[in-house]
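Report on one structure; see the data block that follows.
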Amino acid sequence: MINSDSSGAPANGEQPETTGRYIVVFADGEPDPPGVLRATAGVSNVADTRDFDQQRVGAADIANADAMVFSKLGVAVVSADQRQMDALRAASDRRDIASVTEELIHHVLADTESASAGSAAYSTQFKDSSEYTWGLQAVGADSSPWTGKGVKVAVLDTGLDLTHPDFASRSVTAESFVKDETAQDGHGHGTHCVGTSCGPRILATGPGYGVANEAEIFVGKVMSDSGSGTDSDILAGINWAVNSGCAAISMSLGANVRQVHPPYTAVGKRALDQGSMIIAAAGNNADRDNGNYGFVGTPANSPFIMAVGALDRQLDIAPFSARTLAGRGGQVDIAAPGVYVHSSWPMPKRYNTLSGTSMATPHVAGATALWAEATGYRGRELWSVIMQESRRLPVASLDAGAGLVRAPQFRPA
Amino acid sequence: MKITVTVAEPYLSQIGGVADQLRSAGMEIDQVLDALGMITGSVSAGRLAAVEALDGVASVDQPMGFELPDPGDEVQ
């Protein structure tokens, strides 16, 4: 195991050890890195891994050259005087060089003490502000420059209160798959979930509560006003969402059934193949205060459906949030705010505060829309970037998977 | 009984043909979900084995039901 602190100051406060050489990272796809070094800084004795047998390079080869270009990586190790480095650093503002940094000396990790040093940084207590719900703050939607604009998000639930003033200016496509019921929400659960995933982020009547506040909303009613639904209605809703090109499909529904239900394995995979990621609630069947950790039920236990656990305002796992079920697909994949979540509710009540993995799921669906907008990724690539970018927590991975879902923070190019 | 038929991957582009065969085998079809390769409907218990044996059928499952808590419940 090799330790690198190249991303910032080391946790122990010591200065990083350096070699006196520099690491130059070229822009993605730069066709002629040696040419860039020559033209920019006059570095002439440039070796290129492409000139070596199977691109195998040793320490002596690097020492003998003023610069060694690792072609497959788009990176060079450069020995240069101050004037040359200044020229390269100045060029890093241009198109062909991404960064210039000092080469660091790395050490084999002596022990794992340092791994626990950061946990105090997580001790926190989120609360709703006048501007944003605690959930939007925790996932970083409050500070994200992305809004989900141009991305379609499906929420398959009990529908939406189509008269709700907070959605008056939004693009909403609503369809009911429940016999003899319209997409108008006669329960409330659906309106709450649509609010968290796609509702307003800036609001005069209370804290903003929607993660992807400019996403195109696809409301698929698959659960009745009395709160029940069947496979055939849910599958019809997924089919509609996939055909509509929804990048994220939010399903805050589940059954306390351990067995993986085969249709959802096929459906999760086929949806991903077509660029639609299904996100489902892990389930609320735990009672952790009494030693019962529960299990991820169907459909979240499908291997191709992202299972979402619920976090409280201290970013600890919620007492009801289900734990990973042994076996393929049974894991909790990620976690999101799911305790005391303020969101929209059918009029005239307008707002309601609820808890559950049902409330955590649309936080992930909304964040998925932001990543889809920010990266252009869909399907498996989108899944991967969300996992990679989630914030690890000092909580068992059995309960929180990859950790707290996070919204993209980088600025649009 | 109600059933959900998962169409096998190699048959996804011919889902209409699989539906025709399911009808011939005695299934009453509610929906053909083209994007997902799923067919929902019902069949008599006596015809179930014939449906399961068809080429292009990956699995036949009985649909599950899902229930949300009452709107007033604290945990959803």
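The values are calculated or read from the model by the stated rules, or taken from the named source; none is laboratory data. Given the structure is predicted, the values throughout are model-derived calculations rather than measurements. As a convention, Cβ positions derive from the backbone with ideal geometry for all residues, glycine included, and neighbour counts pool all protein chains shown. These accessible areas exclude ligands, DNA and RNA; they are computed on the full protein's heavy atoms, side chains included. Shrake-Rupley method; radii C 1.70, N 1.55, O 1.52, S 1.80 Å.
Direction-averaged shadow area of the convex hull around the Cα atoms of region A:134-400, nm²?
Numbers: hull surface 50.0 nm².
Value for region A:134-400: 12.5 nm².
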How large is the helix-only mean residue ellipticity at 222 nm for the protein assembly as shown, computed as the sum of -39500 (n - 2.57) over DSSP H runs with n ≥ 4, divided by its residue count, in deg cm²/dmol to the nearest 500? -7000 deg cm²/dmol
Could you work out the mean projected area of the convex hull around the alpha carbons of region A:16-107, in square nanometres to one decimal? 6.1
Spacing of the two label points (7 Å from each Cα toward its C-beta) at A:ALA98 and A:ALA63, in nm: 3.0
Specify the inter-centroid distance of region A:20-76 and region A:309-341, based on alpha-carbon positions, in whole Å. 46
Find out how many positive minus negative residues lie around A:LEU235, taking Lys and Arg as positive, Asp and Glu as negative, among other residues whose Cβ is under 13 Å from that of A:LEU235. -3
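Give the calculated FRET efficiency between A:ALA396 and A:ASP273 to the nearest 0.05, with a Förster radius of 30 Å applied to their Cβ-Cβ distance. Numbers along the way, then the final one.
Details: r = 32 Å, r/R0 = 1.05.
The value I calculate is 0.40.
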Can you give the direction-averaged projected area of the convex hull of the alpha-carbon atoms in region A:243-375, in nm²? 9.2
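How big is the dipole moment of the protein assembly as shown about its Cα centre under a simple scheme where the beta carbon of each Lys and Arg is +1, that of each Asp and Glu is -1, and everything else is neutral? Debye, nearest 20, please.
Numbers: 34 positive and 56 negative charges, 60 e Å.
Its charge dipole is roughly 280 debye.
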Hey, could you pull the Cα Rg and Dmax for region A:169-258, both in Å? 13.6, 44
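Would you mind telling me the antiparallel percentage of the DSSP bridges in the protein assembly as shown, rounded to 5? Spell out each step's value before the answer.
Working: 41 of 73 bridges.
Roughly 55 percent of the DSSP beta bridges within the protein assembly as shown come out antiparallel.
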Occluded residues from region B:50-76, i.e. those whose accessible area drops by 30 Å² or more once the chain is not alone (1.4 Å probe): B:ASP61, B:MET64, B:PHE66, B:GLU67, B:LEU68, B:PRO71, B:GLU74, B:VAL75, B:GLN76
Using a probe of 1.4 angstrom, how much of the accessible area of region A:134-400 is carbon and sulfur, in percent? 47
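Starting from 0.36 nm per residue, how many nanometres of slack lie between A:ASP180 and A:GLN55 once their C-alpha separation is accounted for? Present the calculation step by step, with values, prior to reporting the outcome.
Values: separation 125, 0.36 × 125 = 45.00 nm, distance 6.71 nm.
Between A:ASP180 and A:GLN55, full extension yields 38.3 nm more.
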Cross-link candidates for A:LYS269: which lysines have Cα within less than 23 Å, leaving aside residues fewer than 8 places away along the same chain? A:LYS152, A:LYS221
Pull out the extension gain between A:ARG258 and A:THR18, defined as 0.36 nm times the separation in residues minus the alpha carbon to alpha carbon distance; nm, one decimal. 81.1 nm
For chain A, what is the relative contact order in percent, using Cα pairs closer than 8 Å and at least 6 residues apart in sequence? 15
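Per residue Cα convex hull volume for the protein assembly as shown, in cubic angstrom? It would help to have the intermediate numbers written out before the result.
Working: hull volume 91.4 nm³, N = 489.
Expressed per residue, the convex hull around the Cα atoms of the protein assembly as shown is 187 Å³.
Ordering A:LYS179, A:LYS221, A:LYS127 by accessible area with a probe of 1.4 Å, largest first, what comes out? Intermediate results must be reported in sequence, preceding the final value.
Values: A:LYS179 165, A:LYS221 0, A:LYS127 140 Å².
Most to least solvent-accessible, the answer reads A:LYS179, A:LYS127, A:LYS221.
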I'd like the distance between the alpha-carbon centres of region A:133-202 and region B:1-59, rounded to an integer number of Å. 34
Determine the share of region A:16-107's accessible area contributed by carbon and sulfur atoms, expressed in whole percent, with a 1.4 angstrom probe. 46
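Please work out the Kirkwood hydrodynamic radius for region B:2-61, using every pair of different C-alpha atoms, and report it in angstroms with one decimal place. It would help to have the intermediate numbers written out before the result.
Numbers: mean 1/r = 0.0918 Å⁻¹.
This gives a value of 10.9 Å.
Just the number please: accessible area per residue for chain B, 1.4 Å probe, all protein chains included, in Å². Intermediate results must be reported in sequence, preceding the final value.
Values: 3650 Å² over 76 residues.
Here the per-residue accessible area is 48 Å².
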Accessible surface buried once A binds B (1.4 Å probe; total of both sides; Å²): 2800
